[in-house]
Amino acid sequence: MHEWALAEAVIATAKRAAHEQNLRRVTEITVKLGELQQIEREIFAFALEHILGQEDPLVRGAKVVFETERAQFRCRVCHFEWAFETENLSSEITEAIHFIPEIAHTYMRCPRCHSPDFEVIAGRGVWLAALKGEE
Amino acid sequence: MDPRIAIISERLKPIKKIIAVAAGKGGVGKSTVATGLALVLAEMGYRVGLLDLDFYGPSTHVILGLSEGIQPTEERGIVPPTVHGIEFMSIVYYTGKNPAPLRGSDLTNALIELLAITRWGELDFLIVDMPPGLGDTTLDAIRLLKNPSFLVVTTPSRIAYETVSKLIALLSELNIPILGIIENMRRPSDRARSAFDMRLGEELPFDEGLEDALGDPERFLQTEFARRLREVALTIIPRSRS
Ligand SMILES: Nc1ncnc2c1ncn2[C@@H]1O[C@H](COP(=O)(O)OP(=O)(O)O)[C@@H](O)[C@H]1O
Ligand SMILES: [Mg+2]
Ligand SMILES: [Zn+2]
């Protein structure tokens, strides 16, 4: 349930951004979920709602909108591109990647040339995509 | 926007003092000093955490003798297990014996993730074992850890001085406090100390018995190295408060 830690991070960042943008009240927070981190969306949504409910009026009433993004990799050696599949990975490995997505480089290899030197070009993890509010 | 940066200062709040053990150089004894310092501080009754940031070559778990199967628990984040009285965090929980071939931006990302989700208890000291080099992790530690102080380790060799002095120059330029400069692995035959700020100079002997004490903290604490390290700890603790 480390989703809670990331939910707290999202709210703290939304508040910081709202101050920077001189918002009086945040109405909508768009969170992008990158597939590689395999966030439990239900837990994450529950955590966000729970934390928002206890927050100050700046963010309390905000609605959270989720966008998901498929994870996509590109090999730096042979330039092959591929998508994230958990089928051939054990639960220990997917869990390690869930905590620290960069651990993908420990356990995944380019399907074409077997290099660990690949780039996560999309869908790494949690991202605060947009903020709507009133000035 | 990266949501993780804003929460890091919150995660570090329960920690009174962060001490990064660094050299710029590899093989001089950073991990041994960092782990030893954590152990002697814990023995003195301080609440201590140890964070291994050498993602390519994590080693503090070897010195601590971390048993297989020990993992952080999940509790609104990840809670570091207490190993020999020390709250211990390392990438090794997730990589095991496998390599972590990471580019610089991946190192940064992994470090930010770790700092954003790790929930430390109330700590007097968090000792950070730094990787060699003056690159990504060193710059990130300076950027992300709240007011870290540095404990610099060298050996009595001009080859070590050559690189360690660059770290000292960088820290001085950035006004980052240096708690001490330890000349590690000193042998009686070594020439008089040179080059560095003598006010901060400390010495740790080369200890033949150290290798056999690795993985056995009780035995480690009985070495000559640990005896001298207690004295070093007592001189740097007051410096860490100013
Ligand atoms: N004072 C010492 N006496 C004897 N051996 C030492 C001493 N300090 C470190 N060592 C040994 O030197 C090697 C390198 O130490 P380590 O702490 O891994 O260096 P670093 O973290 O700077 O790369 C290890 O095998 C360690 O046990
Ligand atoms: Mg080391
Ligand atoms: Zn390839």
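For the stretch A:53-103, taking the residues that are more than 12 Å from every other protein chain (Cβ to nearest Cβ), out of contact with any Lys or Arg (no Cβ under 8 Å at 6 or more places or on another chain) and in a helix (DSSP H, G or I), the one that is farthest from ligand 1 (Cβ to nearest atom) is identified as A:R60. Taking the conditions (1) within 16 Å of ligand 2 (Cβ to nearest atom); (2) in a strand (DSSP E or B); (3) not hydrophobic (A, V, I, L, M, F, W, C) in turn, B:E87 satisfies each one other than (1). Looking only at residues in the stretch A:116-135 that are part of a loop (DSSP other than H, G, I, E, B) and at the interface with chain B (Cβ under 9 Å from one of its Cβ atoms), the one that is nearest to ligand 2 (Cβ to nearest atom) is A:P116. Output the residue which, of all residues in the stretch A:82-135 that are within 13 Å of ligand 3 (Cβ to nearest atom) and of a type in the set (D, E), is least open to solvent (accessible area, probe 1.4 Å). The extreme case among them is A:D117.
Taken as a whole, the stretch A:34-53 holds no residue that is out of contact with any Pro (no Cβ under 9 Å at 6 or more places or on another chain), within 16 Å of ligand 3 (Cβ to nearest atom) and at pLDDT 95 or above. Per the conditions (1) surrounded by 19 or more Cβ atoms within 10 Å (Cβ to Cβ); (2) more than 15 Å from A:A129 (Cβ to Cβ); (3) within 14 Å of the chain's Cα centre (by Cα), the sole criterion not satisfied by A:G34 is (2). Among the conditions (1) within 16 Å of ligand 1 (Cβ to nearest atom); (2) assigned to a strand (DSSP E or B), B:A38 misses just one, which is (2).
Helices (runs of 4 or more DSSP H) fully within the stretch B:99-188 that include at least 1 residues being out of contact with any Lys or Arg (no Cβ under 9 Å at 6 or more places or on another chain) and under 25 Å from A:E8 (Cα atoms): B:104-117, B:136-144.
Every condition in (1) more than 13 Å from ligand 1 (Cβ to nearest atom); (2) at negative phi is met by B:A23 except one, and the failing one is (1).
Here B:L123 meets the list (1) open to solvent by less than 10 Å² (accessible area, probe 1.4 Å); (2) over 25 Å from B:E218 (Cα atoms); (3) touching an Asp or Glu at 6+ places or on another chain (Cβ under 8 Å) almost entirely, failing just condition (2). What about B:G96, is it facing another protein chain (nearest Cβ under 9 Å) and surrounded by fewer than 22 Cβ atoms within 10 Å (Cβ to Cβ)? Answer is yes for this residue.
The values are calculated or read from the model by the stated rules, or taken from the named source; none is laboratory data. Please read all numbers here as calculations on a predicted model, not as lab measurements. Positions of Cβ are generated from backbone atoms using ideal geometry, with glycine treated the same way; all protein chains shown enter the neighbour counts. The area values use the complete protein model at the heavy-atom level, side chains included, leaving out ligands, DNA and RNA. Shrake-Rupley method; radii C 1.70, N 1.55, O 1.52, S 1.80 Å.
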